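In what follows, a single structure is set out as structure tokens and then discussed.
The values are calculated or read from the model by the stated rules, or taken from the named source; none is laboratory data. Remember, predicted model here, so these are calculated numbers, not experimental data. Ideal geometry is used to build each Cβ from the backbone, glycine not excepted, and the neighbour counts take in all protein chains shown. Surface accessibility is based on the protein's heavy atoms, side chains included, excluding ligands, DNA and RNA. Shrake-Rupley method; radii C 1.70, N 1.55, O 1.52, S 1.80 Å.
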Amino acid sequence: GMGSALETLCGQAFGAGQIDMLGIYMQRSCVILTTTGLFLSLLYIFAAPLLKLIGQTEAISDAAGMFALYMLPQLFAYALNFPMVKFLQSQSKIFVIALIAAVSLLLNALFSWLFILKLDWGLVGAAVVLNSSWWFVVLAQLLYIFSGTCGRAWSGFSLKAFHNLWGFVKLSMASAVMLW
């Protein structure tokens, strides 16, 4: 929900011809969502005791807690993926998003079969495959964005991404509450 404000801001910037702001907004959102991920990681780290505290069985709590720990990298991949998708969508670069997702889906199916069924890695295998799939998507999108195909929308990393962070946080939190 916190990244949803980005969709509105990118759409407004694109419509107003302020294409150079798209990259700045994406970077701001990445900073905010990654920071949020740091706080949320505490829920992942303490998932097992929290589940036990609310009455879940010990076996399920321990398995879910272990899986949550293995899934920490995915939390940060998603914090980067969401802003990049909104950045690309605002420029109508839907085909590249779909292509990257399709390749990721195929790789995910293949490696899920390999790690979970053939190598019998169980939950650990599932976590490895899910993390790898999400990071593949993030890296593929980054390569596309950095390749120069986004024109003025991506002019590189900028310290402007750290300007007015609090205003962006407030808008993000309001968006999250609205979706909640």
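Decide, for the chain, between rounded, prolate and oblate: order the square roots of the alpha carbon gyration tensor eigenvalues as a ≥ b ≥ c, take rounded if a/c falls under 1.5, and otherwise choose prolate if a/b is larger than b/c, else oblate. Taking the square roots of the gyration eigenvalues as a ≥ b ≥ c, the chain is oblate. Taking the average, over residues, of other Cβ atoms within 10 Å as the packing measure, peptides 152-159, 32-39, 65-72 rank 65-72, 32-39, 152-159 from highest down. Between N81, N131, N164, the residue with the greatest mean-square fluctuation in the GNM of the chain (Cα pairs under 10 Å linked by springs) is N164.
Solvent-accessible area assigned to carbon and sulfur over the chain amounts to 73 percent, based on a 1.4 Å probe. Residues considered: P73, P49, P83. Largest GNM mean-square fluctuation over the chain, using C-alpha springs under 10 Å, is found at P49. Taking a straight Cα-Cα cut-off under 26 Å and skipping sequence neighbours fewer than 8 places away in the same chain, the lysines within cross-link reach of K93 are K160.
Separation of the range 89-107 from the range 163-179 is 27 Å, based on Cα centroids. Entry note, the range 33-180: relative contact order of 21 percent, from Cα contacts under 8 Å with a spacing of 6+ residues. Taking the solvent-accessible surface of protein heavy atoms with a 1.4 Å probe, what is the per residue accessible area of the range 83-126 in Å²? Computed with neighbouring chains in place, this is 59 Å² per residue. Converting phi to 3J(HN,Hα) with the Karplus coefficients 6.51, -1.76 and 1.60 and the offset θ = phi - 60°, the range 48-54 yields 4, x, 5, 5, 5, 4, 8 Hz in sequence order, with x at every glycine or proline.
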